[in-house]
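J.: Could you have a look at this structure, given as structure tokens, before my questions?
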Amino acid sequence: MRRTKEDAEKTRCAILAAAELLFLEQGVAHTSLEQVARRAGVTRGAIYWHFQNKAHLFHEMLNQVRLPLEPLAEQLEAADGLTSLQMLRDLCVEAMAHLAQDAQRRRIFTILLRRCEFTEELREAEERHEAFINQFIALCEQQFAQAAVQPLLQPGISPRLAARTLHALIVGLFSDWLRDPNLFDPQLDTPAMVDSCFRGLLRSWQ
């Protein structure tokens with residue numbers, strides 16, 4: 001039984017790896033499950049054994065590099081005030097560093113940001129992706145909404161606006177660097193850019 005489970009997991013990983021390379025080469029909309037099966041060296045039936053459809057396959061590929069939101073939420077809840085915001089700041093800096101250091105992460109985010117058209121076939125994946133984004137923004141908003149933090153927000157900046165600004169910064173940094181890695185150094189320049197964003201949101205930021 002253990003051998004069967006190991007083989008099934010190897011097949012699943014092979015399918016994900018094949019889909020990742022094809023999505024990167026051709027774009028998600030122009031890649032069929034038949035092509036994924038051939039690249040992975042499996043049957044289409046094997047794909048449907050592990051994944052409901054292409055949207056589910058795409059979603060599971062993204063999950064390999066997404067932030068685990070529940071553990072992050074627990075960490076932030078254990079902190080308070082500016083400490084939790086410092087953790088969010090460090091998270092942004094680390095996210096760019098990981099993007100630069102991890103080849104698979106670069107491939108998958110390139111697919112998401114530059115090789116993906118959310119067609120009707122991918123509607124389910126699009127909805128799940130939007131739900132993930134909204135959960136992350138809500139998590140950030142909770143940190144900016146803390147009683148100790150709200151008085152520090154710049155005039156006209158609500159916790160929700162602050163959360164959306166932070167999310168826009170992360171997406172913008174990812175998208176720009178993947179488009180042209182010469183625009184900035186993801187490890188040397190990111191801390192200054194992230195801190196300037198926090199200074200724009202807060203009256204006091206070290």
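J.: Treat every Asp and Glu Cβ in the range 1-120 as -1 and every Lys and Arg Cβ as +1, leave all other atoms uncharged, and give the resulting dipole magnitude about the Cα centre to the nearest 20 debye. Present the calculation step by step, with values, prior to reporting the outcome.
T.: Details: 16 positive and 16 negative charges, 139 e Å.
Charge dipole, the range 1-120, about its Cα centre: 660 debye, nearest 20.
J.: Nearest 10 degrees is fine. How inclined is helix 82-101 to the longest principal axis of the chain, computing both from alpha carbons?
T.: Taking the Cα atoms of the chain, the angle to 82-101 is about 40 degrees.
J.: Neighbouring Cβ atoms within 10 Å as the yardstick, rank LYS54, LYS5 fewest first. Intermediate results must be reported in sequence, preceding the final value.
T.: Working: LYS54 22, LYS5 9.
Result, fewest neighbours first: LYS5, LYS54.
J.: Continuing with this model, one more query. Quote the charge dipole size of the range 8-57 about the Cα centre in Debye, to the nearest 20; the model charges only the Cβ of Lys and Arg (+1) and of Asp and Glu (-1).
T.: 120 debye
J.: Relative contact order of the range 63-201: what whole-number percent is it, with Cα pairs under 8 angstrom and at least 6 residues apart? Please list the in-between numbers first.
T.: Numbers: 85 pairs, mean separation 47.6, N = 139.
Once normalised by length, the contact order is 34 percent.
J.: Can you work out the FRET efficiency for the pair LYS10 and ARG66, with r the C-beta to C-beta distance and R0 = 25 Å, to the nearest 0.05?
T.: Numbers: r = 23 Å, r/R0 = 0.90.
For R0 = 25 Å, the calculated efficiency reads 0.65.
J.: Expressed as an acute angle from 0 to 90° and rounded to the nearest 10, what is the orientation of the C-alpha long axis of helix 190-201 relative to the principal long axis of the chain?
T.: That works out to roughly 50 degrees.
J.: Can you tell me the relative contact order of the range 123-189? Whole percent, Cα pairs under 8 Å, sequence separation 6 or more. Numbers along the way, then the final one.
T.: On the way: 26 pairs, mean separation 16.4, N = 67.
Rounded, it is 25 percent for the range 123-189.
J.: May I ask which residue of LEU188, ILE111, GLN35 lies farthest towards the positive end of the charge dipole of the chain, with charges of +1 (Lys, Arg) and -1 (Asp, Glu) on Cβ and the Cα centre as origin?
T.: Positive-end residue among those listed: GLN35.
J.: Positive end of the charge dipole of the chain (Lys, Arg +1 and Asp, Glu -1 on Cβ, about the Cα centre): tell me which of ALA46, GLN135, LEU122 has its Cα farthest that way.
T.: ALA46
Computed from the coordinates by the stated procedures, all read-outs in this text should not be read as laboratory data. Just so we're clear, the structure is a prediction, and the values are computed from it rather than from any experiment. Note that we place each Cβ from the backbone using ideal geometry, even for glycine, and neighbour counts take in every protein chain shown.
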